[in-house]
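The values are calculated or read from the model by the stated rules, or taken from the named source; none is laboratory data. Since the model is a prediction, treat every value here as computed from it, not as a measurement. Virtual Cβ from ideal backbone geometry, glycine too; neighbours counted across all protein chains shown.
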Amino acid sequence: MLSGVMLLFVCEIKGVKLRLCFSFPAVLSLSFLLGEGNSGKLLVMLACCALHECGHIAAMLLCGCKPGELTLYGGGIKLTTPVRLNSFKKDIFILASGCGVNFLLAFASCLVKGELTFFAQVNLLLGGFNLLPVGYLDGGKMLELVLNGRGAVWIKGCFALLVAVLAVLCAVNGHMSVTLVCVLLYMFISYISAFVS
């Protein structure tokens, strides 16, 4: 998925390869420059992404597995394991743990603050987005495990079609969302890449 990217930094710490792609600081810098004083919100979003990945790492360690590679790139953070575990329950637990951390943090934030804070909103959106049955997202990987690979591509395709119809309806009614277009493009590229690979 990340082949052909320009790497700025690669190192290995205790058997885990850390990679920093040029696109990560580029997107981060651009976001800060165009953020118009919203850099605090950007840092909250970045922290929520890091906490999501920490959930996966904690689950891996609980299951006796360690991460193989952690890559920071323009699309976010990608965490991979060197091998798949031979346990359906452990694989699902590891995949679901990132979203679980996001939902727990959102719930805890609402309990402490008594309202739906920006931190809680970002965690809810991040957890929900990662559960989408698309490509390399946690939801897409869980769907493939549950269906044992059979029919997962068609369900992902139906989901992509549903989002495309939603995007068209929004455009016709004059309520086009840039986020919806980005999600649709990501799903389309993921769906096509599933057939190519």
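Name the residues in region 75-101 that are in a loop (DSSP other than H, G, I, E, B) and more than 11 Å from the chain's Cα centre (by Cα), would you? Hits for region 75-101 are THR81, PRO82, VAL83, ARG84, LEU85, ASN86, SER87. In region 102-127, the qualifying residues are those that are within 15 Å of the chain's Cα centre (by Cα) and touching a residue at least 24 places away in the same chain (Cβ under 8 Å), and the one that is farthest from THR81 (Cα to Cα) is VAL122. Within region 54-74, the only residue that satisfies the criterion of being surrounded by fewer than 17 Cβ atoms within 10 Å (Cβ to Cβ) and in a strand (DSSP E or B) is GLU69.
Report yes if some residue within region 108-119 is surrounded by 15 or more Cβ atoms within 10 Å (Cβ to Cβ), at pLDDT 95 or above and touching a His at 6+ places or on another chain (Cβ under 8 Å); otherwise report no. Checked against the condition, which is being surrounded by 15 or more Cβ atoms within 10 Å (Cβ to Cβ), at pLDDT 95 or above and touching a His at 6+ places or on another chain (Cβ under 8 Å), region 108-119 yields no hits at all. Within region 107-118, one or more residues are of a type in the set (Asp, Glu) and in a loop (DSSP other than H, G, I, E, B).
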